[in-house]
Amino acid sequence: MFKKLIALILLSLAVYWSFDALLPNTISDIDAKETSFSTQRALVHLKEISKKEHYLGNDAHSDVRAYIVNELKKLGLETQIQEGYSMSQWGNLSKPKNILTKIKGTDNSKALLLLTHYDSHPYSSFGASDAGSGVVTILEGIRAFLSENKTPKNDIIILISDGEELGLNGADIFVNQHPWAKDVGLVLNFEARGSGGPSYMLIETNQGNANLMKEFVKANPQFPVANSLAYSIYKMLPNDTDLTRFRADADIDGFNFAFIDDHFDYHTALDTYNRLDRNSLEHQGSYVMPLLHHFSNANLNNIKSTEDYIYFNIPAFKTIIYPFSWIIPMLILAMLGFLGLLAFGFKNESLNANDILKGSLAFFVSILISALISYFGWETLKSMYPQYNEILHGFTYNGHSYISAFTCLTLAICFYSYHKIVTPKNPANLLVAPLFVWILICALVAVELKGASFFIIPVFFGLLSFLLLIKQKTPNIILLALLGFPVVLIMSPLVKMFPIGLGLKILFVSAVLIVLIFGFLITVFGFLKHKNRWSLLFLGFGFVFLTTAHFNSKFTKETPKPNSLLYVLDANEDTAVWATYDDILDPWTKHVLTDNPDVANTFKQNTIGSKYKSSFTYTKKAGLKNISKPKIEITHDTIINGQRQIAICVTSQRQAERFEVFSDSSNIFKSFTINGIEAHLDDSTGNTFQDRFNNRMFSYYVSDNEPLDMIFKVPLNQETNLQIYEATYDLLRNDKFTVPQRDENMIPKPFVLNDAIVIKTSLSIK
């Protein structure tokens, strides 16, 4: 009994260690030595940077830029501002203003570039985490580096870009227009997609990562959090950072460092100085200093590689790497070891087919029921708490409680399944199915998802446990617990990472992963006599966490409800409506939409663009306001080579912050130039803006009140119809309106156009 207790304590400590080792536990003091990174010193900058929303084009954006430039000058660095128009692949046009400086090295070699962005997301985010944290990480890191009074071998370029939130626009003009870009050998990019948690390292490369990973290990950051699976998944998602432009446009490799927990703060008015996790900022600092020292003196001319490496982190050993070429040999070795042990087990009668079948049934029943309950459980919870649908990015304020709840429910299912189905003479029989499934998974990922091939590491320790159980009637359960450490230390953080990174809809993946981990730990759990009691214990914990989630499901000051409101004026029809993206109206939106709003059927098309392709849900007729309409002029209309070329200039009369341009999908555009930037041509048709969602062509984010100039070619006989939406973010402060301020338990809904006065103008060119 005592040994079983010790074994369970050891496994519990391993789970705790797997999470505790991901982050620094102490915050560096403001009085730390000058040559070291200090989070407290970095926070001084962050407090200034994140005072106001500072999206591209507003006054606070200029103030933040001036502050950063001044701080770089204090360090003795000469700065420059690079600006120019850029259009992203998402159809977002803007004129970013990048901040640039350089520390000269001694050698004529490739440069190291430190990268982040200073613009916040339009329009309500304070940008403390995204990416104020990156700005202050670089400012404090460079200050500490320069305090050493050592000249690096490589030039160090600092690029604090602009327009990242709109479509990587600042990175685009640097990579494709700035002369320094050709000198860059490696990029270190600091980002955030939430306000807390460990900072994950993700590689961006077009080729192999072998040399990158070798150098990363040599740099020896203290708290590396990285695995090759994360980047394999990252490459499948529609998420990009500034670093993407370096890789895609200039074949320049780099590392992303981004924390992603507390995702509910991402791009919201909650991305503030006070809500940023200090440990996350400390973690960024723990990366920047060793990497800055190492790569500023490394040979960046030879960083490219055609070979890929598997990599993962584990406490005590930090980052483990090995080549892709080992994947198949390790898989074959595991298969042969498994088959050999099966034969040995049947030979010495430690294994029997009946117990193996019962153990397999318990294992697969656990997987199936856990996955179904997690998937349909979350769908049920969304129907029980419809307010969750207002959080568009899919991670609720009480999301961590749900992760804990479904973890406990899954463990309860596992213990109960094994209690009801099988009581083997030797727990070795229970390990057959988990080993088989793990090896099968390793075989599949070896073909389809090579980055996950480090899953084979726990398998080898599972095989050692299998050997002990086969050879010994009463193996040392403490030793079996220690052999379970690799699966716990490597895989446990993934249970939390998946729903945090991909949303709570992915809880079923975490549930399956928990069962897979449980399957390996059956070497310990199989010796527990009262599995039904353990099942009841975890079931109780699960309901405790569900209860906690329930009591934290309401919107409060700390967990406010996202809501939205727009005033949309049709300049052609002289009509106006109130509009919202919300599924559930609240007292604030009902102030104008009333208890009986109209379903926004007629507004499904040509809805102002949003990240999650949200459409207006409700509208209500509104009174007409005397709002200055944009000036629209056809400045040029001629025929060139059998095609009609038209030039249009749109000038705002009210300091517009955004234009959206739509056109019916039947309209064909042979070419399209916006403020001097040519839109991308579709490879299959040779036309532009061919694939447009809800008729949207592009968005123009205005700075300095510069007009929208369009030049496009269309078929000669085509009647071309355009809808131009002009938006300002001043609904709550415009003296023509009496919209009250939100209650303290509300915030502007992110990822959609919000708090805006919109003028729609339709233009038909016959």
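Counting only residues that are touching a strand residue (DSSP E or B) at 6+ places or on another chain (Cβ under 6 Å) and over 17 Å from Asp251 (Cα atoms), which one in the stretch 292-313 is surrounded by the fewest Cβ atoms within 10 Å (Cβ to Cβ)? If we take residues in the stretch 292-313 being touching a strand residue (DSSP E or B) at 6+ places or on another chain (Cβ under 6 Å) and over 17 Å from Asp251 (Cα atoms), then Ser296 is surrounded by the fewest Cβ atoms within 10 Å (Cβ to Cβ).
Under the condition of being at pLDDT 95 or above and of a type in the set (S, T, N, Q), the residues counted in the stretch 195-208 number 2.
Residue pairs whose Cβ atoms lie under 9 Å apart, separated by 6 or more positions or on different chains, with the first residue in the stretch 7-23 and buried (at least 17 other Cβ atoms within 10 Å of the Cβ) and the second modelled with pLDDT of 95 or more and charged (D, E, K, R), are Leu23/Asp277; Leu23/Glu282. Among the candidates Gly127, Gly134, Gly163, Gly91, the residue that is within 16 Å of Leu291 (Cα to Cα), touching a residue at least 60 places away in the same chain (Cβ under 8 Å) and small (Gly, Ala, Ser) is uniquely Gly134.
Among residues that are touching a His at 6+ places or on another chain (Cβ under 8 Å) and not β-branched (Val, Ile, Thr), Ser195 is not included.
Which residues, counting only those in the stretch 234-288, are of a type in the set (Phe, Trp, Tyr) and over 25 Å from Gln89 (Cβ atoms)? Those that are of a type in the set (Phe, Trp, Tyr) and over 25 Å from Gln89 (Cβ atoms): Phe259, Phe264, Tyr273, Tyr287.
Scan (1) modelled with pLDDT of 95 or more; (2) in contact with a Ser or Thr (Cβ under 7 Å, 6 or more places away or on another chain); (3) hydrophobic (A, V, I, L, M, F, W, C) for the single condition Ala405 breaks and write down its number. Going through the list (1) modelled with pLDDT of 95 or more; (2) in contact with a Ser or Thr (Cβ under 7 Å, 6 or more places away or on another chain); (3) hydrophobic (A, V, I, L, M, F, W, C), Ala405 breaks only (2). Please go through the stretch 7-59 and give me each residue that is in a helix (DSSP H, G or I) and either of a type in the set (Lys, Arg) or in contact with a strand residue (DSSP E or B) (Cβ under 6 Å, 6 or more places away or on another chain) (or both), ordered by number. Once the filter is applied, which keeps residues that are in a helix (DSSP H, G or I) and either of a type in the set (Lys, Arg) or in contact with a strand residue (DSSP E or B) (Cβ under 6 Å, 6 or more places away or on another chain) (or both), the stretch 7-59 yields Arg41, Lys47.
If we keep just the residues of the stretch 198-237 that are small (Gly, Ala, Ser) and touching a helix residue (DSSP H, G or I) at 6+ places or on another chain (Cβ under 6 Å), which is nearest to Arg278 (Cα to Cα)? So the residue we want is Ser199. Checking each residue in the stretch 606-639 for being farther than 21 Å from Met697 by Cβ and loosely packed, with under 12 Cβ neighbours inside 10 Å picks out Lys621, Gly623, Leu624, Asn626, Thr638, Ile639. Residues that are in the same structural domain as Ser305 (by TED's automatic domain parsing) and modelled with pLDDT of 95 or more number at least 1 in the following helices (runs of 4 or more DSSP H) confined to the stretch 209-281: 210-219, 242-250. When Ala192, Ala131, Ala181 are screened for being at pLDDT below 95 and of a type in the set (A, V, I, L, M), only Ala131 passes. Among the residues of the stretch 470-491, those that are in contact with a helix residue (DSSP H, G or I) (Cβ under 6 Å, 6 or more places away or on another chain), in a helix (DSSP H, G or I) and under 15 Å from Lys4 (Cβ atoms) comprise Ile477, Ile478, Leu480, Ala481.
Of the candidates Ile648, Ile639, Ile584, the single residue that is outside the structural domain of Thr272 (by TED's automatic domain parsing), of a type in the set (A, V, I, L, M) and assigned to a loop (DSSP other than H, G, I, E, B) is Ile584. Scanning the stretch 60-90 for residues that are among the acidic types (Asp, Glu) and touching a Ser or Thr at 6+ places or on another chain (Cβ under 7 Å) returns a single hit, Glu78. Restricting the search to strands (runs of 3 or more DSSP E) fully inside the stretch 657-744 and requiring at least 2 residues that are buried (at least 17 other Cβ atoms within 10 Å of the Cβ) and in contact with a Gly (Cβ under 8 Å, 6 or more places away or on another chain) gives 696-701. Among residues that are within 26 Å of the chain's Cα centre (by Cα) and of a type in the set (A, V, I, L, M), Leu77 is not included.
Within the stretch 406-462, take every residue that is under 35 Å from the mean Cα position of the chain (by Cα) and polar (S, T, N, Q) and give me the one that is farthest from Ala481 (Cα to Cα). Applying the filter and picking the extreme gives Ser453. When the stretch 146-155 is filtered for residues that are buried (at least 22 other Cβ atoms within 10 Å of the Cβ) and not acidic (Asp, Glu), only Asn154 remains. From the set of residues in the stretch 140-160 that are touching a residue at least 40 places away in the same chain (Cβ under 8 Å) and either charged (D, E, K, R) or outside the structural domain of Phe246 (by TED's automatic domain parsing) (or both), which is nearest to Leu113 (Cα to Cα)? Ranking the candidates gives Asp155 first. Scanning the stretch 157-172 for residues that are surrounded by fewer than 24 Cβ atoms within 10 Å (Cβ to Cβ) and in contact with a Phe, Trp or Tyr (Cβ under 8 Å, 6 or more places away or on another chain) returns Ile157, Glu165, Gly167. Checking the stretch 352-361 against the condition returns no match, with no residue being under 23 Å from Leu494 (Cα atoms) and modelled with pLDDT of 95 or more. For the stretch 695-707, state whether one or more residues are more than 24 Å from Asp172 (Cβ to Cβ) and at pLDDT below 95. Scanning the stretch 695-707, I find at least one residue that is more than 24 Å from Asp172 (Cβ to Cβ) and at pLDDT below 95, so the answer is yes.
Checked against (1) over 38 Å from the mean Cα position of the chain (by Cα); (2) closer than 26 Å to Ile173 by Cβ; (3) among the acidic types (Asp, Glu), Glu678 meets all criteria but (1). Given Lys611, Lys625, which one is in contact with a Leu (Cβ under 9 Å, 6 or more places away or on another chain) and over 23 Å from Asn601 (Cβ atoms)? When all the criteria are applied, what remains is Lys625. For the stretch 735-766, a tally of residues being of a type in the set (S, T, N, Q) and over 20 Å from Lys590 (Cβ atoms) returns 3.
The values are calculated or read from the model by the stated rules, or taken from the named source; none is laboratory data. Since this is a predicted model, take the numbers as computed values, not measurements. Virtual Cβ from ideal backbone geometry, glycine too; neighbours counted across all protein chains shown.
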